[in-house]
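The values are calculated or read from the model by the stated rules, or taken from the named source; none is laboratory data. Just so it is clear, the model here is predicted, and its values are computed rather than measured. Neighbour counts are summed over all protein chains in view; Cβ atoms, including those assigned to glycine, are modelled from backbone coordinates with ideal geometry.
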Amino acid sequence: MNSASEDFDVVILGGEPVGSAAAIELARRGLGVALLGRSQYDEHRIGETLPPESRRLLQAIGVWEAFVRDGHTPSPEIVSAWATAQPFANDFIFSPYGNGWHLDRVRF
């Protein structure tokens, strides 16, 4: 771990998937990157999922095979309720990228 007094080229706030992907890509380009997140991800979070389209990003940054090996649970659909009590199901059966994924954030 780098000390707090070390200089970084980029500081990314948030260890979510997009922040993590940006950190990986910037580090591969030779930049010093600090990725700061609030959570240790040591507790299970309900609803931590990635849609099927995330596969393209994970492949583009070269971590798709490692992601699959980590054993995240496939998700054939995501059901959510936003702004109404009526749930909405987003079915991935016709997605060219396959399933979505329930994330194990510690492994991710």
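State all residues of segment 63-93 that are within 14 Å of Phe108 (Cα to Cα) and among the hydrophobic types (A, V, I, L, M, F, W, C); if no residue qualifies, say none. Across segment 63-93, the qualifying residues are Val63, Trp64, Ala66, Phe67, Val68. Inclusion of Asp104 among residues that are part of a loop (DSSP other than H, G, I, E, B), modelled with pLDDT of 85 or more and acidic (Asp, Glu) is not warranted.
On the basis of being closer than 20 Å to Arg105 by Cα, among the charged types (D, E, K, R) and at pLDDT below 85, does Arg56 make the cut? So Arg56 fails the test. Scanning segment 78-95 for residues that are at pLDDT 90 or above and among the polar types (S, T, N, Q) yields Gln86, Ser95.
Looking only at residues that are among the hydroxyl-bearing types (Ser, Thr, Tyr) and in contact (Cβ under 8 Å) with a residue 24 or more places away in the chain in segment 71-88, which one is nearest to Leu103 (Cα to Cα)? Step through it out loud before you land on a result.
First, the residues of segment 71-88 that are among the hydroxyl-bearing types (Ser, Thr, Tyr): 73, 75, 80, 84.
Checking which are in contact (Cβ under 8 Å) with a residue 24 or more places away in the chain leaves us with 73, 75, 80.
Values: Thr73: 7, Ser75: 10, Ser80: 16 Å.
Checking each candidate, the answer is Thr73.
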